[in-house]
Amino acid sequence: MGDNYDVVIIGGGATGTGIVRDLAMRGLSCLLVEKEDLATGTSGRFHGLLHSGARYAVRDPHSAQECVQENRILKEIAANCLEDTGGYFIALKEDDPEYIRVWLEACRQVGVATEEISPSELLKQEPVLHKDVTKAYLVPDAAVDGFTLAAANALSAEKLGAKVKNYTRVVGFKREGQRITGVFLRNAITGQEWEVNCRLVINAAGAWAGQIGELAGVNLNIIPDKGVLIVFNHRITGKVLNRLRPPGDGDIFVPHGSVTIFGTTSRATHDPQDNQATREDVLQLLAEGRKMIPDLEEMRLIRAFAGVRPLYQASDQEGTGRQATRDFSLLDHEKLDGLNGFISVVGGKLTTYRLMAQAASDLAAQKLGNDKPCLTHLEPLANLGIERDKDKKHLCQCEMISKGMLEKAVKGKEQFSLSDIRRLTRLGMGPCQGTFCTYRAAGFYHELKNLTAQEGNKLLKEHVQERWKGARPVLWGGQAQEIEINRGIYLSLLNLDRLDSGDYV
Amino acid sequence: MKQYEKRLDYCLKCSTCHTQCPVLENFLDFPGPKHLGPELERLRMAQGHKIQLTIDGKLAYCTNCKRCDLACPHGVKPSVFNMHNRARIGLPLQEKVRDWVLAHNGWWGGIASHMPALSNLALHNPLTRIFLDAIGLARRDLPSYDKRKLKIGKHFSSQKKAVYFLGCYARYNEVAIAQSVINIFEALGYQLEIAPLGCCGTPLFSNGFLNEARELAEKNSRVLLDYIEKGYKVISSCPSCTLTLKEEYRDLFALPEGEKLARGVYDVCELLVEEEVSLKGATDPYGSAYYHVPCHLKAQGMGTPAAELLGQGVVQELTVSDGYCCGMAGTYGFKKEKYELSKAIGSPVFQGIMDKDYQLVLTDCGTCKLQIEQNTGRKVLHPVQVMEKLIVGT
Amino acid sequence: MYDVIVMGAGLAGLMAAAAAAELNKKVLVVAKGRGNLYSASGYIDFLGYYPTDCRQPLENVVEALEDMVNDNPQHPYALLGKEKVDQAFDFFLKIMNRAGYSYSGSWKKNRIYPTAAGALAPTSLVPQRSCLDLASYQEILVVGFREMLDFYPFYAADNLREQFYQQGEKKLIRAAWLDLGLSKERELNSYDLAVALEDEAVRFRLAEQLRVKVSENTLVILPAVLGIRKWARVQGDLERMLACTFLEIPTLPPSVTGMRLAESLMEYLEQRGVEFQLGYPVTGALQEGKKCTGIKIETASGRVQVKRAQSYVLATGGILGGGLKVKPGGITEEIFQIKIEMLQEMSNQDFFAPQGQPLSRTGIRVNGLLQPVGAQGEPLLTNVFAAGKNLTGYDPFVEKSGNGVALVSGCAAGWLAGKGAL
């Protein structure tokens, strides 16, 4: 009849993993299922900015206030997953000076600390910036790594006995009348199916929440909104850069370790899986970004990607795209649809994931008669323990990844792709984008995990293909060259295209 | 800065530079130009990242021969990063003292040139040797100080003007080279002046004294630009000096007028070629000569002007060798822990010279010359010393 | 003043220099750095798969070349024809023999060699020392080195075993790691190991560790690490000590096999009087009408040096080599400002698409004399001959023809440039 849990959480993004940690800390038994790997959806496909709240202060003060609070909390509990860079809001000549006044006032209202710095001092700090900056303010923005954040939340929960299953898809719900009593699951790789029983299901599937809702027979109006981001080869700035104007396209630069992520765009899409960036998106972003950093087009781009914002509309009157609220919504389907044992948490943004998780967990706990308070803001997240080590032999030289790190990253994983490893270690995230290390990692894991030749080839080919996907929209300059050396290695030198890799063709 | 970031971005990790590094070929633990240069620099730029990257102390083993720069198929210059970071290596005190002594050769030279006899005596004094041992200098002959004075002809005015940047070697250690240059350019009708300047800064920055070298660069640059404004060409007989004036002031120190200065600087033979000086019809050519092309001359990308001139019939059989570094790298070969390595790096050069009974052994660089002389026992001349009598006449 | 100036020091450029030098021309090679041979296998692949979507290596190469003249007339092989191919391959074999690093094989027949992933792959010419028939070995030992992260013997062995099994061939294939106790300070690549193995003591260690694992019937497959310059000595010593046969596999860059080819060719050319000026790119050209009258090199001083010759070979490489610059708005050849045809879609979604990627296929259009031509087929330059990866009409990575096209077009360009200089 399957295992029994108090709660099954659907979705391994920041929210889902945040919930499983929260509930586990309250002593509830939980299972989290994720159809791919943790943070493969929107939590791993955004600019990596931990908002200070400044960006939303004018238009969305409630959301901004939440950011202010969560920003402080995450800097305490998730220090390992973020870099407290600080951020600048900068106004250019063409930007409306009136907006600056409004923005400053709004920041004051919601409690975002701002500190003005002179344009000349700013240029000293960030010499790549345009000379025509008129005003600049320092805010407590930071860079956050969505991959390790989700993984650290999941690990914290697992340490308290929760189960986290990746590559596990929900294919149906067990029902007794108007009550959900469990889920039917399928392993996304082997196809094996099984079921589990539970007292409550929480739908935290982000952009896919609508699809999960449909499976449960409830209607959720999720509007997938695509945002394109591009990655530069090196760290262009020390701090986050925001344009001091109403939020728009191409106005956020986030330094992420050794690279810089720049975005974003906002386009309605119909498909939560629509994460392909196009050349046009990239060129449009560059045109915008050049206004802040004039030499931008001379800097090497290494890839482009897209994420899908799971914007939620309770009714049709609300705005879409940039106008839609970044606030989150907690939906109790018992009240809304008369369906017991099922709640959804939708909308929101990564910065406030913990708050979303708390809200969902509070409701869940209440429904299950658990009176323990939320403690997630007090305890630091578990340490993944995959930091750079002392081993001087680097399998991935761009990001200095050793064998030991790869060994730790794969610990306890039955099924994995090199992408899963990459998200935890940064393997293949540097300038060569896996040109050298994909082969090395495949050879290494083939032996470590006793894979067959076919499995090893699959690991290798999938990752080459995955990196290719990101490189396609930026195929010029250095990355066009890198792709040629990449093709030279994988096709000419290794003849990989003629090796059998099972179902991967 | 912008320039060097751009180049950093174009490292494709092909490791071609790695295969051309003479240090690495003889010292397997040396991480090589790709790793020390663009690879680590990119990670260092991620300041504040979770683990602070320290500068690998092995960087001190880089000879700054720039063969990596020339090898890169994509225009990356690993040596620029290496020289920048050279200043940030934490060295033991003893090595620091020793490096300070070596880096300030111009300073020592200045003192010594006032009392060359005494200085040379001091150089060969056993007490000096004990001191040098203690601070980690290799047990090898140090260049002695030259007491001869330069003879400059009477000043005359000419359309053709050159200012001669002597450099430490020609100024303090082998005045004869400087004299040949002076004689040649005077014979060619140049209004020649000696630049009132000392060291170019190479020994400073290659020993990690970057700030001091920058000050010197700024001063030198100011003086030389004044000359350039007045229509002078800057010449030097030392390849390291010309390379530094051309490239390092512009790229390493990013001096605002670095480009302008660079365009006014000439290697002496480079200017002779540009002047279309003919050495044809030498009545008494040398039978054979081995010409070692110094790394810093090769790095200037102008070909080998001295060989072009000598090949006009001055030497019947000229062997031009630019495939190997001699290993001296200025002050590098004077360091105790690098001495053996320095000899190993240079061994193909020494072998090449000793394989055959060359009538002449030539090179433009003073320290290459020391290295070759000490390891082959052959007397080495600067090419201008051979050309002088053909241009000046007797 | 030179007879021929070659721009580019990859295989195409070096072959062009060799061909022109063979005609006793005064040749200068100018390149911004060392060519991409240091990243290439050092094998010469003429045409491994044609059409490119076939699973099996091409059997009848001569016939495929004839087909190509009709199917794919812009392909450099089709433009140059069988006779030039024959001449170029003969010439290559001849000069490599003179250079002391002999190759063997023929363009007409694909030979099968394992890659570093253990895939069986077709190639045409291999260094003499690697010339053997895999089929005649029943017992194979694939060897890797613990200090080196660029080769995985068990992975390669598994793939080899799988493919031989599918072909119905039974072989005993084993794998082993060796540890030569070299640097603990960093990971080593094949170049580093090759340097280390030039030391007799290290060689001896290798032999000692292998001794218990091999017999005289064993074929030892290992990454290309058997010496850089002293390769003959290194391999000879090991074969004497162990009595087995060694086969080196080209590895990820830096490629020792590619480097040996590059350096033996360059050394040979220097002996033939070819001059080299490497390290600074050619930044532009002087032109009078359709004639190139000089090329410009910006040296360290920032001053421009002009070098002149009767004819010029443009072998600056494709996108990787930097001969073709890809910008968001288009692709250009920057020395002569030749515009390259821009394609609507530069890439396929599938990295492994058998038809290849349009991006890799772009390049300069030339006529049968390798002169760059305009839209109507009219020559744009009469004394400039293009060769190598900057040519359009082929994707070397799927048809496995990279070094082959470089070799054939490089030789042809060198001859044409040399003869033009008569």
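Just for helices (runs of 4 or more DSSP H) wholly inside segment C:342-422: which have at least 1 residues that are of a type in the set (Gly, Ala, Ser) and surrounded by 24 or more Cβ atoms within 10 Å (Cβ to Cβ)?
C:358-361, C:402-420
Being within 19 Å of C:LEU369 (Cα to Cα) and part of a helix (DSSP H, G or I) is true for just one of C:LEU93, C:LEU79. Which residue is that?
Checking each option against the conditions leaves just C:LEU79.
Filter segment B:248-298 for residues that are β-branched (Val, Ile, Thr), farther than 22 Å from C:VAL30 by Cα and touching a Leu at 6+ places or on another chain (Cβ under 8 Å); which is nearest to the other protein chains (Cβ to nearest Cβ)?
Looking at the filtered set, the residue picked out is B:VAL265.
Counting only residues that are of a type in the set (D, E, K, R) and more than 7 Å from chain C (Cβ to nearest Cβ), which one in segment A:462-498 is surrounded by the most Cβ atoms within 10 Å (Cβ to Cβ)?
Step by step, filter segment A:462-498, then rank; the result is A:GLU482.
Picking from A:LEU149, A:LEU123, which residue would you name as being out of contact with any Pro (no Cβ under 6 Å at 6 or more places or on another chain), at pLDDT below 95 and assigned to a helix (DSSP H, G or I)?
A:LEU123
Condition first: surrounded by 20 or more Cβ atoms within 10 Å (Cβ to Cβ) and more than 9 Å from every other protein chain (Cβ to nearest Cβ). Now tell me which residues in segment A:451-461 satisfy that.
A:LYS458, A:LEU459
Would you mind telling me which numbered condition in (1) within 11 Å of chain B (Cβ to nearest Cβ); (2) farther than 23 Å from B:PRO305 by Cβ; (3) not hydroxyl-bearing (Ser, Thr, Tyr) C:MET266 fails?
Of the numbered conditions (1) within 11 Å of chain B (Cβ to nearest Cβ); (2) farther than 23 Å from B:PRO305 by Cβ; (3) not hydroxyl-bearing (Ser, Thr, Tyr), the odd one out for C:MET266 is (2).
This table checks each residue for (1) crowded, with 16+ Cβ neighbours inside 10 Å; (2) hydrophobic (A, V, I, L, M, F, W, C); (3) in contact with a strand residue (DSSP E or B) (Cβ under 9 Å, 6 or more places away or on another chain); (4) not in a loop (DSSP other than H, G, I, E, B).
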position: A:ARG186; (1), (2), (3), (4): yes, no, yes, yes
position: A:ILE189; (1), (2), (3), (4): no, yes, no, no
position: A:TRP208; (1), (2), (3), (4): yes, yes, yes, yes
position: A:GLU214; (1), (2), (3), (4): no, no, no, yes
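Would you check if there is a residue in segment B:282-292 being assigned by TED's automatic domain parsing to the domain that holds B:VAL175, polar (S, T, N, Q) and either assigned to a helix (DSSP H, G or I) or surrounded by fewer than 23 Cβ atoms within 10 Å (Cβ to Cβ) (or both)?
The answer is no, given that none of the residues of segment B:282-292 is assigned by TED's automatic domain parsing to the domain that holds B:VAL175, polar (S, T, N, Q) and either assigned to a helix (DSSP H, G or I) or surrounded by fewer than 23 Cβ atoms within 10 Å (Cβ to Cβ) (or both).
What residue, of C:LEU197, C:LEU222, C:LEU210, is under 18 Å from C:ALA117 (Cα atoms) and away from chain A (no Cβ under 14 Å)?
The match here is C:LEU222.
Out of C:LEU242, C:LEU252, C:LEU265, report the one residue that is within 19 Å of C:LYS213 (Cα to Cα) and either surrounded by fewer than 22 Cβ atoms within 10 Å (Cβ to Cβ) or in contact with a helix residue (DSSP H, G or I) (Cβ under 9 Å, 6 or more places away or on another chain) (or both).
C:LEU242
How many residues are facing chain A (nearest Cβ under 10 Å) and among the basic types (Lys, Arg) when one looks only at segment C:161-190?
Matching residues across segment C:161-190 total 3.
Can you tell me which residue is farthest from the other protein chains (Cβ to nearest Cβ) among those in segment C:292-307 that are among the charged types (D, E, K, R) and within 26 Å of C:ALA406 (Cβ to Cβ)?
That would be C:LYS296.
Looking for something within 15 Å of the chain's Cα centre (by Cα), within 28 Å of A:ASP420 (Cα to Cα) and part of a helix (DSSP H, G or I) - is there at least one such residue anywhere in segment A:19-30?
no
Cβ contacts < 7 Å: first residue not assigned by TED's automatic domain parsing to the domain that holds A:SER156, restricted to segment A:362-389; second residue exposed (fewer than 12 other Cβ atoms within 10 Å of the Cβ), any location; separation 6+ or different chain. Result?
Within 7 Å, the pairs are A:ALA382/A:LYS159; A:GLU387/B:ILE51; A:ARG388/B:ILE51.
Within segment C:199-214, how many residues are out of contact with any Leu (no Cβ under 9 Å at 6 or more places or on another chain) and either more than 22 Å from B:PHE30 (Cα to Cα) or buried (at least 18 other Cβ atoms within 10 Å of the Cβ) (or both)?
Within segment C:199-214, residues that are out of contact with any Leu (no Cβ under 9 Å at 6 or more places or on another chain) and either more than 22 Å from B:PHE30 (Cα to Cα) or buried (at least 18 other Cβ atoms within 10 Å of the Cβ) (or both) number 3.
Within segment A:219-251, track down each residue that is farther than 22 Å from A:ALA471 by Cβ, in a strand (DSSP E or B) and not acidic (Asp, Glu).
Matches in segment A:219-251: A:ILE222, A:ILE223, A:PRO224, A:VAL240, A:LEU241, A:ASN242, A:ARG243.
To keep it simple, each residue is scored yes or no on (1) in a loop (DSSP other than H, G, I, E, B); (2) over 25 Å from A:ALA157 (Cβ atoms); (3) without any contact (Cβ under 8 Å) to a residue 40 or more places away in the chain; (4) not hydroxyl-bearing (Ser, Thr, Tyr).
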site: A:ILE9; (1), (2), (3), (4): no, no, no, yes
site: A:THR15; (1), (2), (3), (4): no, no, no, no
site: A:ARG55; (1), (2), (3), (4): no, yes, no, yes
site: A:LEU74; (1), (2), (3), (4): no, no, no, yes
site: A:ALA91; (1), (2), (3), (4): no, yes, no, yes
site: A:GLU94; (1), (2), (3), (4): yes, yes, no, yes
site: A:TYR99; (1), (2), (3), (4): no, yes, no, no
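Counting only residues that are in contact with a Ser or Thr (Cβ under 7 Å, 6 or more places away or on another chain) and within 11 Å of chain C (Cβ to nearest Cβ), which one in segment A:386-405 is surrounded by the most Cβ atoms within 10 Å (Cβ to Cβ)?
If we take residues in segment A:386-405 being in contact with a Ser or Thr (Cβ under 7 Å, 6 or more places away or on another chain) and within 11 Å of chain C (Cβ to nearest Cβ), then A:ILE401 is surrounded by the most Cβ atoms within 10 Å (Cβ to Cβ).
Return the only residue of B:GLY313, B:GLY301 being within 13 Å of chain C (Cβ to nearest Cβ) and not aliphatic (A, V, I, L, M).
Unique residue meeting the criteria: B:GLY301.
Across segment C:17-56, what is the total count of residues that are away from chain B (no Cβ under 14 Å), among the aliphatic types (A, V, I, L, M) and within 19 Å of the chain's Cα centre (by Cα)?
Counting residues in segment C:17-56 that are away from chain B (no Cβ under 14 Å), among the aliphatic types (A, V, I, L, M) and within 19 Å of the chain's Cα centre (by Cα) gives 5.
Looking at C:VAL313 and the list (1) within 19 Å of the chain's Cα centre (by Cα); (2) under 25 Å from B:GLN20 (Cα atoms), which single condition is not satisfied?
Among (1) within 19 Å of the chain's Cα centre (by Cα); (2) under 25 Å from B:GLN20 (Cα atoms), C:VAL313 violates only (2).
How many residues are surrounded by 15 or more Cβ atoms within 10 Å (Cβ to Cβ) and assigned to a loop (DSSP other than H, G, I, E, B) if we restrict to segment B:82-127?
Counting residues in segment B:82-127 that are surrounded by 15 or more Cβ atoms within 10 Å (Cβ to Cβ) and assigned to a loop (DSSP other than H, G, I, E, B) gives 3.
Go through segment A:395-424 and count every residue that is assigned to a helix (DSSP H, G or I) and touching a His at 6+ places or on another chain (Cβ under 7 Å).
Matching residues across segment A:395-424 total 2.
I'd like to check something: does segment A:34-53 contain any residue that is acidic (Asp, Glu), closer than 21 Å to A:SER361 by Cα, modelled with pLDDT of 95 or more and not in a loop (DSSP other than H, G, I, E, B)?
Within segment A:34-53 (the criterion being acidic (Asp, Glu), closer than 21 Å to A:SER361 by Cα, modelled with pLDDT of 95 or more and not in a loop (DSSP other than H, G, I, E, B)), the answer is no, since none of the residues qualifies.
Can you name the residue in segment A:425-444 that is assigned to a helix (DSSP H, G or I) and crowded, with 24+ Cβ neighbours inside 10 Å and, of all such residues, is farthest from the other protein chains (Cβ to nearest Cβ)?
Checking each candidate, the answer is A:THR425.
Would you call B:LYS233 surrounded by fewer than 24 Cβ atoms within 10 Å (Cβ to Cβ) and part of a helix (DSSP H, G or I)?
no
Whether any residue in segment B:348-358 is among the small types (Gly, Ala, Ser), in contact (Cβ under 8 Å) with a residue 60 or more places away in the chain and within 14 Å of another protein chain (Cβ to nearest Cβ) is what I want to check.
Yes, that holds for at least one residue.
The values are calculated or read from the model by the stated rules, or taken from the named source; none is laboratory data. All of these numbers come straight from a predicted model, not from anything done at the bench. Don't worry about glycine lacking a Cβ; one is built from the backbone with ideal geometry, like all the others, and counts go over all protein chains shown.
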